[in-house]
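Rule-based calculations on the coordinates, nothing more; no lab input. Owing to the predicted nature of the structure, the values given are computational and were not obtained by experimental measurement. Quick reminder, even Gly has a Cβ in these numbers, built from the backbone with ideal geometry, and neighbours come from all protein chains shown.
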Amino acid sequence: MKTWFWLGCCVILLAHVSRAQVISSDSVKGKPVRVITADSLAGLVPDSVVNLNKAKKFVPVPRTATLLALIPGGGQIYNRDYWKLPIIYLGIGGGLYAFHLNSIKYNDYLSAYKSFYDLNKDSPTYGQVLPGITSDSTRTVRIRNLFATSSEYKQGNLDQVKRGKNYWRRNKNLSIVVAVLIYGLTIIETNVAAHLKTFDLTDDISMHVEPKIQQPMMRQPAPGLKLVFNFK
């Protein structure tokens, strides 16, 4: 009787041991193992490292840009607005071209105009129309081209030559005003463009709505909404 009793106890113990071994083996085999691959490590790069790799945005200094604009086109080069250079040089160059051409025409008519007057300082009629000059008297006006390589000759009386002289003088003065105006506008444009480039137009400027429990002017907590603007 005792023998069967002890034999039964051994069988029960062996059954529990074998069951425990099977459960442990299954639990170890069924436990998930996390495998870290190279692609997953690539996504763990800190944001600071990524931001350092990005090119730093150029932000011009308006004062520096304005000082460089004293040289035609210098401010636009500093602001990296290279496409504006042809417009600036054509505008200023056109004004200088008109001034030089009008000056040549004015001097040609001025020389013809002087030929109608007595310019001898020792003469008693100095500064007056020469004797024998009438309204029908004409003089030859030599009109040169831009580089004075060729000339055109015209006949004109005193009134015609005087009107031609005044016409080219007005054009000469107007061309100076236009050239100076364009030069001043380039300086102003450089300063304005530099200020506009300093404005932050990124997505960091945002707005969002979030809940808020504590309300102003209320002693007890109360639910509500809060409008938040982020300027970074």
| remark: Per the filter on segment 75-101, residues within 11 Å of residue 190 (Cβ to Cβ), in contact (Cβ under 8 Å) with a residue 12 or more places away in the chain and part of a helix (DSSP H, G or I) are 75, 76, 78, 84, 88
| request: Using the structure shown, decide if residue 161 is assigned to a helix (DSSP H, G or I) and either loosely packed, with under 13 Cβ neighbours inside 10 Å or of a type in the set (A, V, I, L, M) (or both). | output: yes
| task | Scan segment 129-147 for residues that are of a type in the set (A, V, I, L, M) and part of a strand (DSSP E or B) and jot them down. | result | 129, 141, 143
| note | Matching residues in segment 54-65 (part of a helix (DSSP H, G or I) and surrounded by fewer than 18 Cβ atoms within 10 Å (Cβ to Cβ)) number 2
| remark: Of the residues in segment 111-122, those that are part of a helix (DSSP H, G or I) and surrounded by fewer than 17 Cβ atoms within 10 Å (Cβ to Cβ) come to 111, 114
| query | Do you know which residues across segment 121-167 are over 20 Å from residue 100 (Cα atoms) and of a type in the set (Phe, Trp, Tyr)? | reply | 126
